[in-house]
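Quick note: the coordinates plus some simple rules give every number you see, no bench work behind them. Computed from a prediction, not measured in an experiment: that's the story for all the values here. Here the Cβ positions follow ideal geometry from the backbone for every residue, glycine too, while neighbour counts run over all protein chains shown.
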Amino acid sequence: MKIIVTGATGLAGEELVRQAIADDKITSITAIVRRPLKLQSAKLKTIIRKDFMNNSGLEGLFKTSDAFFWCLGISQSQISKAEYERITYDYTIAAASKVAAVNPDMKFIFLSGAGADSSETSKTLFARVKGKTENRLKSMTLNKLFIVRPGGIKPIHKNPNTAFFNKVMYLFLPLFEIVWPSMVISSDTLAKAMLWIAEQEPAMPTFENNDLKQCVS
C-alpha cells in the first residue's frame, strides 16, 4: 500500500510514519512537510511544501497512492483564530478537493478530535472548526472518507514540536487515563488504528476514541 501523510513532524503524524515504516503492508510513504524529517527509511520520501493551499504538481502522487492521512494541525493556543481556521479547514479542504478531482477512490483519513461539533455552533474554536471541516469533507466526492476523533493523545516518543500548552497537559494524562480512560489514547495505538482503517476499509466512517482502541485490541 502506498500512503501519503501530512503533519509528519507533529506528535500523531510522526508516530504514524514510524508505525508505517514498521508495517510490511505499507510499501511506500510520502510525507508532505514544511521541513525535513528525522525519521529515515528506504520506503520514506519527503516533499517539502511551504504552501498547503497549492497542490499543483501533486496530481500524479494522488493518482497513484492508496491512502492519504491528513494529520496536519496545530494547537489553537499557538495562533490566531483566523490562522487556526486556515490551517485546520482551508488546508484540509484544498487537498481534499484535489483528491476528489483526481482520485476520489483513494482513502482519505482525517485526523479530527474528540468533541468535534458537527453543528458548528460550539463556543470552543477547536470543536467548531473541526466540525466544520468534517462536514465539508462529507459533502465532497470522497468515496472512502474516514474520520478519526482521538481524545487526549499520550505520547510514546518525545516530539520537540509539541506546543508548550500540550506539554503541560501531557503531565495530567496519566491521571486522566485512570479517571477517564475512554478519553485517552497512546500515540502508537492511534497510529496503528489509523493504518488498520486504511488497510481494512471498515464500513464505519467515524471512529471515536474507544473505537480506535478496539481496532488494534
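From its DSSP helices (H runs of at least four residues, each -39,500 (n - 2.57)), the chain gives a residue-normalised ellipticity at 222 nm of -11000 deg cm²/dmol. Two decimals, Cα atoms only, Kirkwood Rh: what is Rg/Rh over the stretch 2-215? Computed over Cα atoms, the ratio is 0.93.
Relative protection proxy for 125-138, 31-44, from highest mean packing down: 125-138, 31-44 (other beta-carbon atoms within 10 angstrom). Note on the stretch 3-74: semi-axes of the ellipsoid equivalent to its C-alpha gyration tensor, largest first and rounded to whole Å, are 18, 15, 10.
Exposure proxy shown here: for T121, T27, the number of other Cβ atoms within 10 Å sets the order, fewest to most, as T121, T27.
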